[in-house]
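What follows is a single structure, written as structure tokens, with notes after it.
Each value in this text was obtained by applying a stated rule to the coordinates, not by laboratory testing. Everything quoted here is computed from the prediction, not taken from an experiment. In this analysis, Cβ positions are derived from the backbone assuming ideal geometry, glycine residues included, and neighbour counts consider all displayed protein chains.
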Amino acid sequence: MADAYDILIIGGGPGGYVAAIRAAQLGFKTAVVEREHLGGICLNWGCIPTKALLRSAEIFHYAENASNYGLKIQKPDFDMEAVVKRSRGVSGQLAGGVGYLMKKNKIDVIWGEAKIAKAPKGGPVEVTVGKMQKPVVEPQNPIPKGVLGEGRYKAKHVIVATGARPRVLPGIEPDGDRIWTYFEAMKPKAMPKSLIVMGSGAIGIEFASFYKTMGADVTVVELLPQIMPVEDAEIAGVARKQFEKQGLKILTGAKVTKVEKGANGVSVTVETKDGKSQTLKAERLISAVGVMGNTEGLGLEEAGVQIERGIVKIDPYGKTNVEGIYAIGDVAGPPMLAHKAEHEGTICVEKIKGLDVHPMKKTEIPGCTYCQPQVASVGLTEAKAKEAGRKVKVGRFTFRGNGKAIALGEPEGLVKTVFDAETGELLGAHMVGAEVTELIQGFVIAMGLETTEEELMHTVFPHPTLSEMMHESVLDAFGRVIHM
């Protein structure tokens, strides 16, 4: 039996490694068990590499439209192999950075696949670590060989942070060739001429935006009536209009009922809400119908941990019903976002330390989609606020009224704010347009500080900036808008 730890974390993704660093800062003897590569899906196959791909697409878009800025550029082209190589290089650099942080904070990294052996009441939790799993897709760099590996380990507290994987629908199982998940979509061997994306959440829309910008014929199929279903309906409507203006084809209220693979692509049967069917053909299909938590094979059920519909049940501080076992991030339920996992890990560890910790407010977790145009939001949508029985005041300001947006050549977009009409509380903020993923944090801070509409109206925003639209949207909600 190896030396015991104060905290042992299963999973080295954003939630796991951040929790480990905070635990080390608080003086806990800490270890992380990782079966594939540090940084998890987010850093290696999600948030980071997709942003690198989308940045390449953005620059390509501007090069194609250089004449709009008075510039002359010969017809631009791209090297898909080089685009993918840059994306993988960004991930590799950051993965190495996580390894450095583990070493800097004196955190042991145990390479292998963990399973909770037992969780005796009042005693340490035992974790067995087996051989390392071969990654679904090879990482950019070889997996580091850790000093620690197979064996049995004890810990006073075990935090499960094993993340999630793509959801698979029966009959539409990805094969890595014609039917892709985000793994394959992130490193195509060649640029497909045509593509069908099943699902219009953040993952689906980001890949649809990337491939369309790079020249593919792209169709998005969404089961629900609205694309980007979690977003405010008005914002989603503005985004859809821009997507379709770019040539993206979108089918909503449509269900994929059959997929047939052929030598040259896929045939997808789609049934619309009116009962009609049509067949779509493309070289590739991306299945982007959500993700599901990695709860299997961890010994959680045997240890008595409550799991409902694939989600580990926790209290507001990450604690399960079994003493000494905790869960954070995707395995602990939505929203399945890296920044939620990171903050959840910090809360969990600080609570274990006995600090005065505030539980996470999920309504104050921002969501961002890095398509073209970008979409960002926090809090309640207008519809959800009304469903909750709140009387609301809604403010809107379009990008066309903002000098910086016009100068940037980005006149399409909208900033929308939702306030409680009686108290002036900011209930939600929703944006679509250039750089809104960088702007949303202003509203997140305002909500966290319980800022009122009066305080926001009296805040001085710099000119000329896109952030002025945030101010104008607040003013509009209370009949005081200036530039519209």
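Some observations on this one:
- Sorted peptide list for 298-308, 214-224, criterion being average Cβ within 10 angstrom, highest first: 214-224, 298-308
- Length-normalised contact order for the range 175-311 - Cα pairs under 8 Å, 6+ apart - percent: 29
- Net charge of neighbours whose Cβ lies under 15 Å from the Cβ of THR465, counting Lys and Arg as +1 and Asp and Glu as -1: -4
- P(r) weight above 22 Å for the range 373-477, C-alpha pairs, percent: 23
- Residue ranges 61-70, 175-184, 192-201 sort as 192-201, 175-184, 61-70 when ordered by packing (mean number of other C-beta atoms within 10 Å per residue, highest first).
- Per-peptide average of other Cβ atoms within 10 Å, ordering 22-29, 369-376, 335-342, 406-413 highest first: 369-376, 335-342, 22-29, 406-413
- Pairs from LYS313/LYS393; LYS156/LYS384; LYS258/LYS361; LYS273/LYS391; LYS115/LYS313; LYS187/LYS340 whose Cα-Cα separation, in the structure shown, is over 30 Å: LYS313/LYS393; LYS156/LYS384; LYS258/LYS361; LYS273/LYS391
- Cα-based helix-to-principal-axis angle, 47-64 vs the chain, degrees rounded to 10: 20
- Within straight-line cross-link reach of LYS241, aspartates and glutamates at Cα separation under 20 Å, skipping those fewer than 8 residues along the same chain: GLU58, GLU206, ASP217, GLU222, GLU231, ASP232, GLU382, GLU410, GLU412, GLU435
- Partner lysines whose Cα lies under 19 Å from the Cα of LYS103, excluding those fewer than 8 positions away in the same chain, are identified as LYS29, LYS145.
- For the chain, the longest principal axis of the C-alpha atoms and the axis of helix 14-25 are separated by about 50°.
- Taking the empirical scaling 2.2 N^0.38 Å for compact globular proteins as reference, the range 384-446 has a Cα radius of gyration ratio of 1.25.
- Rg/Rg_globular for the range 179-287, with Rg_globular taken as 2.2 N^0.38 Å and Rg from C-alpha atoms: 1.01
- Over the chain, the alpha carbon radius of gyration divided by the compact-protein estimate 2.2 N^0.38 Å works out to 1.03.
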